[in-house]
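J.: Right, I'll just put the structure down here and ask away after.
Throughout, read-outs are computed from the coordinates displayed, never taken from laboratory work. As the structure is a prediction and not an experimental result, all values here were calculated from the model. Every residue, glycine among them, receives a Cβ derived from its backbone with ideal geometry; neighbour counts consider all protein chains shown.
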Amino acid sequence: MNEQQRAWRVAVDPGLVVQPACAHLDDLREVPPTTTVGCEDCLRTGTTWVHLRACLSCGHVGCCDSSPKQHAHRHAEAHDGHHIARSIEPGEDWAWCYTDELFLQPG
């Protein structure tokens, strides 16, 4: 188990008796910190974004689901094993599993 796998766990939902599990934590890899200034795909196509997410399998930086092109979500759907992305917005410390639709928090 690598450092990133230990670093994330499913956020507790106090409204549920049985807490869900994320089956994709084993897909995480060592990803270097990002230095990009925006959504990689939006920068390439000249479109705009709202918030940024970084794939925890490869480091790809895409825009959130509130953005017009939703590149982070599209990246997760297009690439096997790229289920989880973390927010790289200042002050935010959470991740999202697109496949299981679960919030993750630091472990």
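J.: Residue by residue through region 68-107, note down the ones that are outside any loop (DSSP other than H, G, I, E, B) and acidic (Asp, Glu).
T.: Of everything in region 68-107, just one residue is outside any loop (DSSP other than H, G, I, E, B) and acidic (Asp, Glu), namely 77.
J.: Now for a different question. Return the residue satisfying two criteria in turn: it lies in region 61-74 and is farther than 17 Å from residue 102 by Cα and in contact with a helix residue (DSSP H, G or I) (Cβ under 8 Å, 6 or more places away or on another chain), and of such residues it is surrounded by the fewest Cβ atoms within 10 Å (Cβ to Cβ).
T.: So, considering only residues that are farther than 17 Å from residue 102 by Cα and in contact with a helix residue (DSSP H, G or I) (Cβ under 8 Å, 6 or more places away or on another chain), the one surrounded by the fewest Cβ atoms within 10 Å (Cβ to Cβ) is 69.
J.: If you don't mind, there's one more thing I want to ask. Is it true that some residue in region 46-53 is in a loop (DSSP other than H, G, I, E, B), out of contact with any strand residue (DSSP E or B) (no Cβ under 9 Å at 6 or more places or on another chain) and surrounded by fewer than 14 Cβ atoms within 10 Å (Cβ to Cβ)?
T.: Yes; the residues of region 46-53 include at least one that is in a loop (DSSP other than H, G, I, E, B), out of contact with any strand residue (DSSP E or B) (no Cβ under 9 Å at 6 or more places or on another chain) and surrounded by fewer than 14 Cβ atoms within 10 Å (Cβ to Cβ).
J.: Could you say whether any residue in region 88-100 is farther than 21 Å from residue 21 by Cβ, in contact (Cβ under 8 Å) with a residue 12 or more places away in the chain and either surrounded by 15 or more Cβ atoms within 10 Å (Cβ to Cβ) or not charged (D, E, K, R) (or both)?
T.: Checked against the condition, which is being farther than 21 Å from residue 21 by Cβ, in contact (Cβ under 8 Å) with a residue 12 or more places away in the chain and either surrounded by 15 or more Cβ atoms within 10 Å (Cβ to Cβ) or not charged (D, E, K, R) (or both), region 88-100 yields at least one hit.
J.: For a quick check of your reading of the model, give me the residue pairs whose first member lies in region 63-82 and is touching a residue at least 40 places away in the same chain (Cβ under 8 Å), whose second is of a type outside the set (Ser, Thr, Tyr) and assigned to a helix (DSSP H, G or I), with beta-carbon atoms closer than 7 Å and at least 6 apart or on different chains.
T.: These pairs meet every condition: 81/27; 82/75; 82/76.
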